[in-house]
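Note sheet for the following structure.
The values are calculated or read from the model by the stated rules, or taken from the named source; none is laboratory data. What you are looking at is a predicted structure, and each value in this text was computed from that prediction instead of being measured. Using ideal geometry, Cβ is built from the backbone for each residue, glycine included, and neighbour counts are taken over all protein chains shown.
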Amino acid sequence: MKLILTQEVSGLGEPGDVVEVKDGYGRNFLMPRGLAASWTKGAEKQIAAIRRARTSREFKSLEEAQQVRASLESGQISLSAKAGSSGRLFGAVTPSDIAQAVSAGGGPALDRRKIEMPQAIKSVGEYVVSVRLHPEVQVRLKIKVTASA
């Protein structure tokens, strides 16, 4: 089955990529979740629009992405969230929360879709998440989650 990715799928591709997947994976997973659309000859305009949107969100050059990586790796991002007495959060820290904390701390505006969390952050502590700034540049952010008063 030939599909056009509308969002990034780890291990498969970026938005705007045309991919060939098994019928069941495309029909039962990718399409119901809005991660892909059917490929047709008339979808070339849609592919171009998705690629334009993707390039506007990405860092323009490899050098710029490396400079941002150097500035992000040097510091630690602090987040405060409501937590119980045992340190367990009411809810979880999301990639959107991390992106907002980075920009509030004077860092660059990050796309929440580029933040990869190996595990859900549901308690107070220190965590490491990775952010793909550029296809060739990935940064590991140190996140410190504290309980808010």
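Can you tell me which residues in the range 84-105 are over 14 Å from residue 143 (Cβ atoms) and in a strand (DSSP E or B)? Result: 88, 90, 91. Just checking, does the range 33-42 include any residue being of a type in the set (Phe, Trp, Tyr) and either closer than 26 Å to residue 138 by Cβ or loosely packed, with under 12 Cβ neighbours inside 10 Å (or both)? No, the range 33-42 contains no residue that is of a type in the set (Phe, Trp, Tyr) and either closer than 26 Å to residue 138 by Cβ or loosely packed, with under 12 Cβ neighbours inside 10 Å (or both). Within the range 81-92, if we keep just the residues that are touching a residue at least 60 places away in the same chain (Cβ under 8 Å) and surrounded by 14 or more Cβ atoms within 10 Å (Cβ to Cβ), the residue that is farthest from the chain's Cα centre (by Cα) turns out to be 83. Is it true that some residue in the range 11-27 is under 18 Å from residue 135 (Cβ atoms), touching a residue at least 40 places away in the same chain (Cβ under 8 Å) and not assigned by TED's automatic domain parsing to the domain that holds residue 109? The answer is yes, given that some residue of the range 11-27 is under 18 Å from residue 135 (Cβ atoms), touching a residue at least 40 places away in the same chain (Cβ under 8 Å) and not assigned by TED's automatic domain parsing to the domain that holds residue 109.
For the range 102-121, the set of residues classified as surrounded by 15 or more Cβ atoms within 10 Å (Cβ to Cβ) and within 16 Å of residue 83 (Cβ to Cβ) consists of 121 only.
Filter the range 37-60 down to the residues that are within 23 Å of residue 110 (Cα to Cα) and either among the charged types (D, E, K, R) or at pLDDT 90 or above (or both) and list them by number. Scanning the range 37-60 gives 51, 52, 54, 57, 58, 60. Could you grab me the full set of residues in the range 93-113 that are without any contact (Cβ under 8 Å) to a residue 40 or more places away in the chain, under 17 Å from residue 65 (Cα atoms) and of a type outside the set (Gly, Ala, Ser)? Result: 102, 110, 112.
Does residue 70 count as surrounded by 13 or more Cβ atoms within 10 Å (Cβ to Cβ), outside the structural domain of residue 10 (by TED's automatic domain parsing), more than 24 Å from residue 35 (Cβ to Cβ) and not hydroxyl-bearing (Ser, Thr, Tyr)? No; evaluated as a whole, the condition is false for this residue. The strands (runs of 3 or more DSSP E) found wholly in the range 1-83 and carrying at least 3 residues that are within 26 Å of residue 94 (Cβ to Cβ) and of a type outside the set (Asp, Glu) occupy 76-81. With respect to (1) under 14 Å from the mean Cα position of the chain (by Cα); (2) surrounded by 15 or more Cβ atoms within 10 Å (Cβ to Cβ); (3) under 25 Å from residue 5 (Cβ atoms), the lone exception for residue 65 is condition (1). Each residue in the range 106-149 was checked for being in a loop (DSSP other than H, G, I, E, B) and of a type outside the set (A, V, I, L, M), and 9 pass.
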